[in-house]
């Protein structure tokens, strides 16, 4: 197969496989007639009625705001803490017991506690909850990435007396960047998950709230519309992230590709 | 020759560190935890956070200790552990082979990219109402949730790892006529192992989280049910004791997977650099 034909086939598969799955869903649900699995058509109609755009401002905007704030705080804190911890054995000795404990606590266990401690079910509690748990993928990947930096390069830089700040900025951070990106990607999908958990538990607005209410009232079409919206939200956020990553890590990919050629 | 020398130097460095400070590591470990616990006690006792909202460390630990003497407690722990183990096992058996396939085939990755990227971020909690109706309120729902959640991080990490393999090594092997399976086994897999190990670590905690979530949201027997029950009845001391128990269980599981990771990765720089 020529490279061109291969590229065309690849794009074709990327388009046809999801379409085939959707068509299969429509055929199966229309045939089975189950009340729990509405047809694709019903879900799409509900989706349009709810989210374009009658309830968008009321429920989608607050959720996006919580994801954005929670994820943003988590990334800044995760990288800022991860570099010194990854570089220093002492910092690791002091902090790792706590990091390992807190990342191991299942988030829902802290839902009631976060409400009790913060006296809030508003954004303060939601954003604190989301960012608390989204820190860990970024933090752990930053630590791992920093520690995985080529020891020969680090030693070389050190023996050339390259200052610490320069060493971190030019050597350690670029070396860790691909792994930090992988961590951020996990963190972003975790932000969507923790957003739903937090809104499910106690709130008055948001996509997770809609999911809970429609489930409690056994309204299957709105429930599916909410699930589809959450999936779509996660997908779009991930696409945006990949675009940004490709731009920011272009030097990494380019270098790999050049080595391979 | 040069490589062998630098290996030897790296091997020696940690041993020297260890000889010089034999007791410092465990000492800092104990001090670090002790100071955090003391801080918790102080914050509560001095009323910085009301004792009603945050029971003191000593109260919580005492509560946990008395709970740990009951069979009921260990039954709950057993249920949660079973959900975690089965979920993680099934997720690994599915995610690693699929991740290797998607990581090494551009075509497959493109074909399945949209469905994967769409399914992956769906919070498993969103599936609970569906599970109520389809699988029912039983352990099947818990295991489905745990497997579903643990599958995605492991899949993504495996894909990243397989893609990050050094192209020079692969091309060299290919030009030496090393067969496809051998290349996979000797080059791709070892270079992906750090990613897979990190993925296992993340998935292991995700599996526990979802086993716990299923118990909490669906009222299935386990630690999740206990947390839900104590919260509903305003038994904050017991709520904190159970939350602490969940945290300790998570920590135990995490230490287990870290130890396994370290064993599998003795040769990797990230494990050796730690002591320099």
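Per-residue ellipticity at 222 nm for chain B, helices alone: DSSP H runs ≥ 4 residues times -39500 (n - 2.57), over residue total, nearest 500 deg cm²/dmol?
One gets -26500 deg cm²/dmol as the mean residue ellipticity at 222 nm.
For residue B:133 and residue B:248, FRET efficiency with R0 = 30 Å and r from the beta-carbon atoms, rounded to 0.05?
Given R0 = 30 Å and the Cβ-Cβ separation, E is 0.30.
Report, in cubic angstrom per residue, the convex hull volume of the C-alpha atoms of chain A.
About 170 Å³ per residue, rounded to a whole number.
Can you pull the mean other chain C-beta count within 10 Å for peptide B:125-135?
Averaged over the peptide's residues, the number is 6.
Under the 0.36 nm per residue contour assumption, what length would be gained going from the current alpha-carbon distance of residue A:251 and residue A:232 to full extension?
Going from the current span to full extension adds 3.9 nm.
Where the centroid of each part is defined by its Cα atoms, how far is the range B:158-223 from the range A:1-74 in Å?
Rounded to whole Å, the Cα centres lie 27 Å apart.
Order these peptides, A:23-33, A:211-221, by their mean beta-carbon neighbour count within 10 angstrom, highest first.
Put in order of decreasing packing, that is A:211-221, A:23-33.
Taking the mean number of other Cβ atoms within 10 Å as a proxy for protection, how do you rank B:215-226, A:7-18, B:200-211 from highest to lowest?
Answer by packing, highest mean first, reads B:200-211, B:215-226, A:7-18.
In a Gaussian network model over chain B where Cα atoms closer than 10 Å are linked, find which of B:59, B:70, B:158 has the largest mean-square fluctuation.
Ranking B:59, B:70, B:158 by mean-square fluctuation puts B:70 first.
Between residue B:108 and residue A:76, with labels modelled 7 Å along Cα→Cβ, what's the label distance in nm to one decimal, could you check?
4.2
Per-residue mean of other chain beta-carbon atoms within 10 angstrom of the beta-carbon, peptide A:109-117?
If you average over the peptide's residues, the count of other-chain Cβ atoms is 6.
Quickly work out the residue A:242-to-residue B:41 label distance, labels modelled 7 Å from Cα along the C-beta direction, and quote it in nm with one decimal.
5.2
Provide the FRET efficiency to the nearest 0.05 for the residue B:25-residue A:202 pair, computing r from the beta carbons and using R0 = 45 Å.
Efficiency computed from Cβ-Cβ geometry: 0.60.
Given a Förster distance of 35 Å, report the FRET efficiency between residue A:53 and residue B:256 from their Cβ-Cβ distance, rounded to the nearest 0.05.
0.10
Using 0.36 nm per residue, how much length does the chain from residue A:96 to residue A:19 gain when fully extended, once their Cα-Cα distance is taken away?
Full extension of this stretch gives 23.1 nm more.
Could you work out [θ]222 nm for chain A from helices alone, using -39500 (n - 2.57) per DSSP H run of at least four and dividing by all its residues? Round to the nearest 500 deg cm²/dmol.
Only helices count here, giving -27500 deg cm²/dmol.
Using every alpha carbon pair in the range B:119-276, what percent of pairs falls into each 10 Å bin from 0 up to the bin containing the largest distance?
Binned Cα distances yield the sequence 10, 28, 28, 19, 11, 4, 1.
What distance in nm separates the two pseudo spin-label positions at residue B:181 and residue B:34, each 7 Å out from Cα along the beta-carbon direction?
5.7
Relative contact order for chain A: what is it in percent, counting Cα pairs under 8 Å that are at least 6 residues apart?
Dividing the mean separation by the residue count of chain A yields 23 percent.
For the range B:63-267, what relative contact order do you get, as a whole percent, if you take Cα pairs closer than 8 Å and at least 6 residues apart?
Relative contact order of the range B:63-267: 29 percent.
Show me, bin by bin at 10 Å from 0, the whole-percent P(r) of chain B based on Cα pairs.
All Cα pairs, binned at 10 Å, distribute as 6, 21, 25, 24, 16, 7, 1, 0 percent.
Kirkwood hydrodynamic radius (Cα pairs, Å) of the range B:63-154?
15.3
When Cβ neighbours within 10 Å are restricted to other protein chains, what is their mean count per residue of peptide B:138-148?
What the average comes to for B:138-148 is 0.
Sort A:131-141, A:38-48, B:176-186 by packing, meaning the average of other beta carbons within 10 Å per residue, with the highest value first.
In descending order of packing, they fall as A:131-141, A:38-48, B:176-186.
Name the shape class, rounded, prolate or oblate, that the alpha-carbon gyration tensor gives for the range A:1-132, where a ≥ b ≥ c are the square roots of its eigenvalues, rounded holds for a/c under 1.5, and otherwise prolate holds if a/b is larger than b/c and oblate otherwise.
Judged from the Cα gyration tensor, the range A:1-132 comes out oblate (a/c at least 1.5, b/c at or above a/b).
What translational diffusion coefficient, to the nearest whole µm²/s, does the protein assembly as shown have by Stokes-Einstein, given a Kirkwood radius computed over alpha-carbon pairs, a temperature of 10 °C and 1.306 mPa s viscosity?
Estimated diffusion coefficient is 64 µm²/s.
Read-outs throughout are calculated quantities, based only on the coordinates presented, and are distinct from any laboratory measurement. Because the structure is predicted, anything quoted here is derived from the model rather than measured. Quick reminder, even Gly has a Cβ in these numbers, built from the backbone with ideal geometry, and neighbours come from all protein chains shown.
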